[in-house]
Amino acid sequence: MAFRSFKKDIDKVYQKIDKIAKLGRDSFQEYYNYIDEVITKQQYGLFTQVLIIKYNFDPTKILSIDEVKQRSWSVILFQTNTKFQDDKYALLNTNSVYQLGLAYYVGTNSLIGTISEVDSYSTSVDTLSYTDNAFQQKTENKITYLSVDKLGSTQSMTFSTWNFSYSYDKNLLNLYKEAISYLI
């Protein structure tokens, strides 16, 4: 039997978990099914190593597989970047811009301005009841605009072009592209 790299096996399992987690919290059943598949393939030990190494979650102290599924899912979601976060990071990286809080910098600590997200709702949202943010986005009730303050400018610039045929994340990313271009 040929030697296989343990790191490659770890990365393969990690990428599968990450792919499921990027689908969002409602994909827990797919995650649970994946754990069942791992057990069937007798790779549960490898799976536990991924949880320990990549997510700092030790499933060996939990007696039940069902409990491992439930407890690890929230930990994984918390530590997984969304596709939007990955795309925004790539945008900033491409333009040699970095963000600290609301402030954006270029080069070595050269502040270029700030960007704030401003949420707007078509119909009012009852703050006392639970309203899921994703639900508000999918029903097109929530639109987010960007308010940009460029260093040296006397007025804020608002970016608000919204295309309802695009997803919420794609619209927001397009606004960030415009805002970053304005700042640099």
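The values are calculated or read from the model by the stated rules, or taken from the named source; none is laboratory data. Please read all numbers here as calculations on a predicted model, not as lab measurements. Every residue, glycine among them, receives a Cβ derived from its backbone with ideal geometry; neighbour counts consider all protein chains shown.
Look at the range 103-115: where a residue is without any contact (Cβ under 8 Å) to a residue 24 or more places away in the chain and among the small types (G, A, S) and a partner is in a strand (DSSP E or B) and surrounded by 10 or more Cβ atoms within 10 Å (Cβ to Cβ), sitting 6+ places away or on another chain with Cβ atoms under 7 Å, you get A103/L111; A103/T114. Report, by residue number, each residue of the range 57-89 that is small (G, A, S) and part of a helix (DSSP H, G or I). Scanning the range 57-89 gives S72, S74. Selection of first residues in the range 51-66 that are among the aromatic types (F, W, Y) and of second residues that are not in a helix (DSSP H, G or I), restricted to Cβ pairs under 7 Å at least 6 apart or on distinct chains, gives the following pairs, ordered by first then second residue: Y55/Q79.
Determine whether Y176 is within 20 Å of K83 (Cβ to Cβ), in a helix (DSSP H, G or I), of a type in the set (S, T, Y) and at pLDDT 85 or above.
Working: within 20 Å of K83 (Cβ to Cβ): yes; in a helix (DSSP H, G or I): yes; of a type in the set (S, T, Y): yes; at pLDDT 85 or above: yes.
Answer is yes for this residue.
In the set L100, L51, only one residue is assigned by TED's automatic domain parsing to the domain that holds L173 and either surrounded by 15 or more Cβ atoms within 10 Å (Cβ to Cβ) or modelled with pLDDT of 90 or more (or both); that residue is L100.
Answer yes or no: is there a residue in the range 81-90 that is at pLDDT below 90 and touching a helix residue (DSSP H, G or I) at 6+ places or on another chain (Cβ under 6 Å). Scanning the range 81-90, I find at least one residue that is at pLDDT below 90 and touching a helix residue (DSSP H, G or I) at 6+ places or on another chain (Cβ under 6 Å), so the answer is yes.
Look at the range 6-49 and say how many of its residues are in a loop (DSSP other than H, G, I, E, B) and touching a helix residue (DSSP H, G or I) at 6+ places or on another chain (Cβ under 9 Å). Walk me through how you get there before you give the answer.
Our first condition is that a residue be in a loop (DSSP other than H, G, I, E, B); within the range 6-49, this holds for 23-24, 41-43.
In the following step, the residues that additionally are touching a helix residue (DSSP H, G or I) at 6+ places or on another chain (Cβ under 9 Å) were identified as 23-24, 43.
Matching residues across the range 6-49 total 3.
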